[in-house]
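Shown next, in structure tokens, is the structure this report addresses.
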Amino acid sequence: MISFKKLTLFSGYLSLALLFGVSAFLFIGFMQKETIKTVNVSFEVKEKALGVDLWRFSKIRKYHIISQEMVKLKNGVLKLIKPKLWVFEPAKPDVFLISNEAVIYPNNDIYAYGDVRLKREDLNIYGDEAKYSSEEKTIESSKPFRGSNKKSNFKGKSFVYYLDSSKLIARGVDIWLGKNR
């Protein structure tokens, strides 16, 4: 049987251990609270890419895009620096568009500006801007341009090029017939 003296000694040691445990727990808790500082961190993410080479697909067309730099703007709009754009449609000639900068909208419309060059089969057009409408299947510009094909050289004030019929309608045109210069 355990004596009263041993029971008192045992309960004293247990109380002392419990006191040290509680004080150690509180000490560690206070120390951690003092050493941890709350820091507000915020990240601003801008989607950028260098050396872009991507494909976009719509219902009947494919788009191949190569660019030195791409920045994603609001509402899914892409801005490309030094882009090269190809539009591929089944059973139709490919369209190649190069410029200093271009903006591509979610509906696959393209606005290219700065030293724009358009090439399709033997047609070459050079100007300051061009707008490609994927819905209307047209490329147009309201700025002066120059161009050439196998039979002529020309320049004009504005143009609309219909991709389905390969028809170019130009306004304010001067044309030189003969070999391409």
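The values are calculated or read from the model by the stated rules, or taken from the named source; none is laboratory data. Remember, predicted model here, so these are calculated numbers, not experimental data. So basically every Cβ, Gly included, is an ideal-geometry build from the backbone, and we count neighbours across all protein chains shown. Surface areas here come from the heavy atoms of the whole protein model, side chains and all, with no ligands, DNA or RNA. Shrake-Rupley method; radii C 1.70, N 1.55, O 1.52, S 1.80 Å.
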Checklist outcome for this item: Computed about the Cα centre, the charge dipole of the chain from +1 Lys/Arg and -1 Asp/Glu charges at the Cβ has a magnitude in debye, to the nearest 20, of 220 debye
Checklist entry - What percentages, rounded to whole numbers, describe P(r) for the chain computed over all alpha carbon pairs with 5 Å bin width beginning at zero? => result 1, 7, 12, 14, 12, 8, 6, 3, 2, 2, 2, 2, 3, 3, 3, 3, 3, 3, 3, 2, 2, 1, 1, 1, 0, 0
Checklist entry - Based on the Cβ-Cβ distance of VAL77 and GLU135, what FRET efficiency does E = 1/(1 + (r/R0)^6) give at R0 = 25 Å, to the nearest 0.05? => result 0.95
Item to check | Karplus-derived HN-Hα couplings along the stretch 124-137 (A = 6.51, B = -1.76, C = 1.60, θ = phi - 60°), whole Hz, x at Gly and Pro | outcome: 10, 10, 10, x, 8, 7, 7, 10, 9, 10, 6, 6, 8, 6
Next on the checklist: Probe of 1.4 angstrom, ligands and nucleic acids ignored: what's the accessible area per residue over the stretch 89-181, in square angstrom?
Outcome noted: 57 Å²
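If you take every residue apart from LYS131 with its C-beta less than 11 Å away from the C-beta of LYS131, what net charge results, scoring Lys and Arg +1 and Asp and Glu -1? Walk me through the numbers before you get to the answer.
Values: positive: LYS143; negative: ASP109, GLU129, GLU136, GLU140.
Overall, the nearby charge balance is -3.
Rounded to the nearest 500, what is the chain's calculated 222 nm mean residue ellipticity when only DSSP H runs of at least 4 contribute -39500 (n - 2.57) each, over all residues? Numbers along the way, then the final one.
Numbers: 1 runs with 32 residues, N = 181.
Helix-only estimate at 222 nm: -6500 deg cm²/dmol.
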Checklist outcome for this item: Expressed in angstrom and rounded, the centroid-to-centroid distance over alpha carbons for the stretch 69-105 and the stretch 136-177 is 20 Å
Checklist entry - In nm, to one decimal, how far is the PHE88 label point from the ASP122 one, both placed 7 Å along Cα→Cβ? => result 2.5 nm
Checklist outcome for this item: Projected onto the charge dipole of the stretch 80-181 (unit charges on the beta-carbon of Lys, Arg, Asp and Glu, signs +1, +1, -1, -1), the Cα from LEU85, LEU177, PHE96 with the largest positive-side position is that of LEU177
Next on the checklist: At 1.4 Å probe size, with the rest of the protein present, what percent of the exposed accessible area of the stretch 45-177 is carbon and sulfur atoms?
Outcome noted: 52 percent
Checklist entry - For TYR105 and ASP164, what is the calculated FRET efficiency with R₀ set at 22 Å and r taken between the beta-carbons, to the nearest 0.05? => result 0.60
Checklist entry - Once label points are set 7 Å from the Cα along Cα→Cβ at both LYS157 and LEU7, what is their separation, rounded to one decimal in nm? => result 11.5 nm
